[in-house]
Amino acid sequence: MKTLVTGAAGFIGSHLCEDLVRRGDNVVGLDCFLGNYDRQLKEGHLTRLDGETRFELIEAGILDADLRTLLEGVDRVFHLAALPGVRSSWGETFADYLTHNVMSTQVLLEACKSARTQRFTYASSSSVYGETSGLPMREDSATSPYSPYGVTKLAAENLVRLYHRNFGLPTVCVRYFTVYGPRQRPDMAIQRFLQAALDGTPVRVFGDGNQSRDFTYVGDIVDGTYSAAVTGQLGGVYNIGGGSCVTLNELIALIEAVSGVHLRVEREEAKPGDVRSTKADCGLAKAALDFIPKTSLENGIAKHWESLASGEFGF
Ligand code: NAD
């Protein structure tokens, strides 16, 4: 199998590339090292693939890359490249979200249509559901994004579906629920809280801390993504959640227990775009993909803490 992974130097993309190489794929990773966080961190994500003959990194943006050449001989595509983050998607930066999340997806889909790509797997997000859906969120629940970021993830997902329905492009979408684990992006809560425990600095919590999230370990996300690509129904959409639904306050208590460090919490106003709760119904993924998350939040946080404290990047 020859596989293209976009967003290969990112948190989830780098784990997926390692997993695919382990499975025997020849992987081409595409990433433009977007400045949403430190380039050095992204380079660090790829150190385990250094010298790996079955992995090649192409540094380019989707809109600038020679996609025709890049897709030659490629059997399947995992499209993870995006500008993530809810809070920074307001205001002027929305244009960047449109470029990286919507325009880039459309251009990639066109190229995959021409290249007759055999499988196109898109990394979508629980943010497509937004604030109004009942819990747990099911794939057929209403989609009503609550942030500009969510709007772009849903727009891209809709484009993916359109290319399946109109042109028969074999697509699958996976909706990730708050992913954590080694290499988590520095703007995300668990990484910020664990880093604060390590550095002895205070943590900022936006709102009352009673907002809850379905936290998903990155190893489970990689497994679910791979299964979706291999066994998912064409045109299908699957929730990939961790089954560990806790509030931020409960999360802080858990991080204190794992790290043995008392966290000093500084409370700030809730941020626009942050939904109150997410919770995945993974029944469809269980039935169609045999997906069951294996890592409990306790074990996942312990592994994440261990990797941060040791400077190790694996999972
Ligand atoms: P990340 O920022 O660590 O990785 C994304 C990578 O994509 C970055 O390395 C960036 O440089 C690259 N990129 C962005 N735009 C690009 C472009 N136009 N061309 C080439 N490369 C580009 O983010 P992540 O947390 O690993 O997220 C990966 C995917 O999963 C994203 O699509 C995101 O929307 C989705 N997702 C993530 C989460 C989560 O909790 N982390 C939850 C839901 C969905």
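Computed values, structure above
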item: Length gained when the stretch Tyr37-Asp187 is fully extended (0.36 nm per residue, less Cα-Cα span); result: 53.2 nm
item: Structure-based [θ]222 nm, the chain - -39500 (n - 2.57) summed over DSSP H runs of at least 4, per residue, nearest 500; result: -11500 deg cm²/dmol
item: Per-pair calculated FRET efficiency, R0 = 45 Å: Asn158 and Thr53 via Cβ, rounded to 0.05; result: 0.75
item: The chain: equivalent-ellipsoid semi-axes (sqrt of 5 x gyration tensor eigenvalues, Cα, Å); result: 30, 22, 19
item: Carbon/sulfur fraction of accessible area - the stretch 2-310, other protein chains in place, 1.4 Å, %; result: 49 percent
item: With Cα atoms, 0 to 90° folded angle of helix 189-199 axis to the chain main axis; result: 50 degrees
item: Solvent exposure of the chain as accessible area per residue, Å², 1.4 Å probe; result: 42 Å²
item: Reduced Cα scattering model of the stretch 146-208, Debye log10 I(q)/I(0), q = 0.28 Å⁻¹; result: -1.15
item: Rounded, prolate or oblate (a/c below 1.5 giving rounded, otherwise prolate when a/b exceeds b/c) for the stretch 82-155 by Cα gyration tensor; result: oblate
item: Which listed pairs, of Lys2/Lys113; Lys2/Lys279; Lys279/Lys303, have C-alpha distances above 28 Å, in listed order; result: Lys2/Lys279
item: Amide proton proximity set for Tyr238, modelled H, under 5 Å, gap of 5+; result: Cys173, Val174, Arg175
item: Mean-position separation - Cα centroids, the stretch 286-305 and the stretch 62-104, in angstrom; result: 27 Å
item: Per-residue HN-Hα couplings for the stretch 71-86 [Karplus 6.51, -1.76, 1.60; θ = phi - 60°; Hz; x = Gly/Pro]; result: 8, 4, x, 7, 7, 9, 10, 10, 9, 10, 4, 5, 8, x, x, 7
item: Relative contact order computed over the stretch 2-310 (Cα-Cα under 8 Å; 6+ residues apart), in percent; result: 18 percent
item: Solvent-accessible surface (1.4 angstrom probe) belonging to Lys294, in square angstrom, nearest 10; result: 150 Å²
item: Charge dipole (debye, nearest 20) of the chain; +1 at Cβ of Lys and Arg, -1 at Cβ of Asp and Glu; result: 640 debye
item: Charge tally in the Cβ shell below 12 Å around Ala229, where Lys, Arg are +1 and Asp, Glu are -1, Ala229 excluded; result: -1
item: Folded to 0 to 90 degrees: helix 11-23 orientation relative to the chain principal axis, Cα; result: 60 degrees
item: Among 88-100, 156-168, the order from most to least packed when residues are scored by Cβ within 10 Å on average; result: 156-168, 88-100
item: Length-normalised contact order of the stretch 1-118 in % [C-alpha pairs under 8 Å, at least 6 apart]; result: 31 percent
item: Cα lying deepest toward the dipole's positive end in the chain, options Gln40, Asn249, Phe167, charges on Cβ; result: Phe167
item: Candidate aspartates and glutamates for bridging to Lys294, where Cα separation is under 19 Å - those fewer than 8 sequence places away on the same chain excluded; result: Glu18, Asp19, Asp214, Asp220, Asp223, Asp281, Glu306
item: Helix 104-115 axis, angle to the chain major axis (alpha carbon atoms, nearest 10°); result: 30 degrees
item: Cut-off under 5 Å, modelled amide H: who pairs with Leu30 long-range; result: Val5, Thr6, Gly7, Ala8, Ile58
item: Positive dipole terminus of the chain, leading residue within Val28, Ala309, Leu194 (C-beta point charges); result: Val28
item: Highest-first arrangement of 235-244, 47-56, where packing means the average Cβ count within 10 Å; result: 235-244, 47-56
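The values are calculated or read from the model by the stated rules, or taken from the named source; none is laboratory data. Please read these numbers as outputs of a predicted model, since none were measured by experiment. As a convention, Cβ positions derive from the backbone with ideal geometry for all residues, glycine included, and neighbour counts pool all protein chains shown. Calculation scope for accessible area: heavy atoms of the full protein, side chains included, ligands and nucleic acids excluded. Shrake-Rupley method; radii C 1.70, N 1.55, O 1.52, S 1.80 Å.
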